[in-house]
Structures are given as C-alpha cells and as structure tokens.
Amino acid sequence: MWQPDVLVVGGGPAGVAAAVDLAGMGLSVLLAEQRDRLGGAIHRAYAGVGSSPVKRNAHHERRWHALLAQVQQEGARLRVQLQSVFLGVEGDGRYLLDDRVAGRVRPVRPRAVVMAVGGVERVLPVPGWELPGVSTVGGMQVQLKETGEAPLGPILVAGSGPLPLAYAAQLAAAGHPPLALLERGTPFGTALAHPGAAFNGLRSWPPLAEALGYARQLWRSGVPYRTGCRVKAIEAMAQGLRVTAVDQRGQTQVYEVAQLALHDGLDVNQTGLPRQTAAGLPVVWAGDCREVLGAEAAVQDGRQAAQQVAKALGQPCPEANFDDRLQSARRLQAARRLQAALRTLYQVPTLDIMPETVVCRCEGLRASGFAALQGAGSAHEIRVIGRFAMGACQGRFCARAAQALAAQAGVAFEPQDLRGSVPRWPLRPVSVAALAAYTDE
C-alpha cells in the first residue's frame, strides 16, 4: 500500500482543510474517511437522485464546496480513501484501516498523523433511553440528510442546545413536524438574566440569522417549543413509546410517539485517540475532537494543525501574512465566544439518575450497580469490578454519568480516568475475511 507522509483520519471540515494545506506544502497525504463521501456529519451528502430536499445553510455550503475544489486541485499528492474505517494503532506506529472497498485491513506507516474525527453527542441517561425507537438528534439528523426522508410516525425532539432546534425545524420543513420540541433549559430567561454573556457570543449575524430561521419554521408549522421541560421517563408500548415529560412547575405531559430524539450538547471526541507521542510520531488533533467550536472554526483549526505537522516534520511551509493570521485568530475567538454563550444559555443541569436507569448502554449496566461495588475507591476499580466504560464504546457515552454517580459516593476522578490507563479506541465491527486478508505490505 502507498505509504504517505501524513495520514489524516476524518473527512469533515477540519480533516479536509488540514489535508489540502499539507498537500499544498508538498507533502503526500492520505485522507481516510469512513463514509462513502467526504463531509462529516454537518456536510453529509444526500444519497438520492437530484438535490437534497433538506435545506442547507448557505454560507456553510459555499465554504465546503470551496474546500472540495481544493481537494481536486491537489492531484496525486492528496489521495482520498473512502469507506475506510480507522481501527486503531499498533505499538510500532502502524495505523490500521479497514478498507471496505477492497475487503481487507491495511496498515499505514505515516511520518505524522492528523486526527479529525469530529465531536460526540452528550445524552443524559433517563429511564428507558435504551429502548428501540430512542436515538440521538445528531444520528436522526444525519439520516434525514442522507435519505431526505423523515422517520415514520410521530416524533418528539427533546434535550438541550441549538441542535434539537435545527433538527426540529428541518423535520417541519420536510413536511413531518415533530409533536413538540422540549428544551430542558430556559434560554430566554437566561438571556434576560445574563444579557452581557448572551450578546457577546451571539452578536455575529450568521449564527443568529440561522437560529431565527429555525424558529420561524417551527412557528409556521405550529410546533410547540416548551422550555424548562425535560423527559422524565420512557416506556415501551405495543405501537411505539410513551414519553413522560415534566416542566419546572412539576406538571407532567405524556406523548405517544414512534420516535424520540434526545440531545444534551456536544463533547470533544477523544476516547482512545493516539497521543502526541504515539510510537514517536507527531500526532495532532483538529476540529471538534480537540475543541467543539463548530464547522467554520473547524476549518481554521484544521489549517493550524497542518502548520503544526509541517513544522514537526521540518517541512517548509508558507507563513501566512499578518492580515490572514489576524483574521484566523478572530474567527476562532468569535467561535469560542459563541460556544461560551451557548453554554450559558443552555446550561446542562446536575445529573439526577434513578437506580433503575441504565447508565452503560453497551453492557446494560444500571445506576443501582454502583451499590454492588461496595466502596470502590478509584476509577480503575469502578471500571474493572463494575464493568462501567468497559463496553464497545469504551466510555464515550457513559463516562460522564459514571463520574457523577461516583462523586455521589465520594469518589472523585475525571471522565477520561474511567477509560483506562491505556485508552482504547471504541470497538468497530470488522469482517474476519478483511482481517485474514491483512498483510504488512
């Protein structure tokens, strides 16, 4: 297999930006993307015929098409390998890719690596969130972008943050409005209580205009937007789900739906990522896996990652002029202000988990399982004895909830401590035939 100077894992805005800049500096680059097209979650391509029926944000689309044009311009220096899943890193610096087009696992030995694998959704555990029909907002939004079709049956969107607002509006525009949008936080009241923080982050017109457009779509479609309202319990019915929600006054409302979409914010996606000293290779994280800043800032972050890699390899790279550096710094600063404002407006509440609530979906472990640990005094004991964060996702979804439960028992640690002293990449399905076809070329 062709061995590049740099391996870039992830074909979203950050990964593509890093790849085109590195290729432009004269380095050979392999860009590995697990899907059949570049784009990541935000630019997930429509798989149907013609244009997508899902409305896209215009300024994001213009920037993305400009990046794709640069990919074409780089020619042989930049190779894109689609349907190629990153499996992990061996001790001697071999990066393993499951090439699903060729049907084999291939090793790559680059001189440097850029990890741009995007962020991960946060969902607060509630009773019944493991039931069929319950998914994340991001997962259902990607499905809508790819197929152009909304899921069948009544849908309820719940959680916190701007993503549920966007998805609910996209469903409404597609002719399948949700029964309601339940916002756990109180963004309007918080904005009035903290006007400075809200104005400082939302003074940029494009994201504000985007949010107003979503709100207008929900109003036109008659979708109730209920703030200060959270999902209390989810139960299975013969024809779907019964969802019980409660508001700040303690009043409950029951929804009977076929699908429930949950979302409580975004987190950096660093579970199992190789560190900067992995096997002696320079490794740089870029985009939302390093810091959640959004699609526009991810492009700037990818370009900064390219500069770091070039310097680490001793590759001459063109220095950006003062105006370009200033503009890039301002964009990143604006993105950080926006994310700070969103964290203020959509404050994630303290975790309140009932004993019967499933915490680890991979292993089916419930909160009551902590009682059986009998005084485990460290993250390592909770992991090994209790099996929390030992499932296929390696704690990517349950680490924060397990940390909160441990804190209630008087054990303090950071979520990453629950992922083990030697972090492992979340398990990915790979065929026996692909493993059997592996050769160290």
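Taking the range 283-304, which residues are acidic (D, E), surrounded by fewer than 22 Cβ atoms within 10 Å (Cβ to Cβ) and farther than 23 Å from P318 by Cβ? Break it down stepwise before answering.
To start, the set of residues in the range 283-304 that are acidic (D, E) comprises 288, 291, 296, 301.
Then drop every residue that is not surrounded by fewer than 22 Cβ atoms within 10 Å (Cβ to Cβ), which leaves 291, 296.
Correct list: E291 only.
Given the criterion at positive phi, touching a Pro at 6+ places or on another chain (Cβ under 8 Å) and of a type in the set (G, A, S), identify the matching residue among G88, G175, G148. Testing whether each residue is at positive phi, touching a Pro at 6+ places or on another chain (Cβ under 8 Å) and of a type in the set (G, A, S) leaves just G148. Do the conditions hold for V359, that is, is it of a type in the set (V, I, T), modelled with pLDDT of 80 or more and open to solvent by less than 70 Å² (accessible area, probe 1.4 Å)? When the stated conditions are applied, V359 passes them. Restricting attention to the range 143-153, does a residue exist that is open to solvent by 30 Å² or more (accessible area, probe 1.4 Å), free of Cβ contacts under 8 Å to residues at least 24 places away in the same chain and assigned to a helix (DSSP H, G or I)? Yes, there is a match, as at least one residue in the range 143-153 is open to solvent by 30 Å² or more (accessible area, probe 1.4 Å), free of Cβ contacts under 8 Å to residues at least 24 places away in the same chain and assigned to a helix (DSSP H, G or I).
The criterion of being outside any helix (DSSP H, G or I) and either in contact (Cβ under 8 Å) with a residue 12 or more places away in the chain or open to solvent by 40 Å² or more (accessible area, probe 1.4 Å) (or both) does not hold for L165. Can you say whether A76 is part of a helix (DSSP H, G or I), modelled with pLDDT of 90 or more and either crowded, with 18+ Cβ neighbours inside 10 Å or of a type in the set (G, A, S) (or both), as far as the supplied structure shows? So A76 does not fit the description; no.
Scan the range 1-49 for residues that are over 17 Å from W285 (Cα atoms), out of contact with any Lys or Arg (no Cβ under 6 Å at 6 or more places or on another chain) and open to solvent by 10 Å² or more (accessible area, probe 1.4 Å) and the total you get is 16. Only one residue in V105, V71, V114 is in contact with a helix residue (DSSP H, G or I) (Cβ under 8 Å, 6 or more places away or on another chain), outside any loop (DSSP other than H, G, I, E, B) and surrounded by fewer than 19 Cβ atoms within 10 Å (Cβ to Cβ). Which one? Exactly one of V105, V71, V114 is in contact with a helix residue (DSSP H, G or I) (Cβ under 8 Å, 6 or more places away or on another chain), outside any loop (DSSP other than H, G, I, E, B) and surrounded by fewer than 19 Cβ atoms within 10 Å (Cβ to Cβ), namely V71. In summary, A191 fulfils each of the numbered conditions (1) touching a strand residue (DSSP E or B) at 6+ places or on another chain (Cβ under 9 Å); (2) surrounded by 15 or more Cβ atoms within 10 Å (Cβ to Cβ); (3) at pLDDT below 90 with the single exception of condition (1). Checking the range 157-165 against the condition returns a match, with at least one residue being closer than 19 Å to Q248 by Cα and at pLDDT 95 or above.
A residue that is open to solvent by 20 Å² or more (accessible area, probe 1.4 Å), of a type in the set (S, T, N, Q), within 30 Å of F86 (Cα to Cα) and in contact (Cβ under 8 Å) with a residue 24 or more places away in the chain occurs somewhere in the range 129-139. For the range 330-356, the set of residues classified as open to solvent by 80 Å² or more (accessible area, probe 1.4 Å), more than 15 Å from P162 (Cα to Cα) and in a loop (DSSP other than H, G, I, E, B) consists of T350, D352, M354, E356, listed by residue number.
Can you find, within the range 372-409, the residue that is nearest to C289 (Cα to Cα) among those that are outside any helix (DSSP H, G or I) and open to solvent by 70 Å² or more (accessible area, probe 1.4 Å)?
By that ranking, first place goes to F397.
Candidates are the residues of the range 410-441 that are outside any loop (DSSP other than H, G, I, E, B) and at pLDDT 85 or above; the one that is least open to solvent (accessible area, probe 1.4 Å) is A434.
The values are calculated or read from the model by the stated rules, or taken from the named source; none is laboratory data. Remember, it's a predicted structure, so these values are computed and weren't measured experimentally. Virtual Cβ from ideal backbone geometry, glycine too; neighbours counted across all protein chains shown. Protein only, heavy atoms only, side chains kept; ligands, DNA and RNA dropped before computing areas. Shrake-Rupley method; radii C 1.70, N 1.55, O 1.52, S 1.80 Å.
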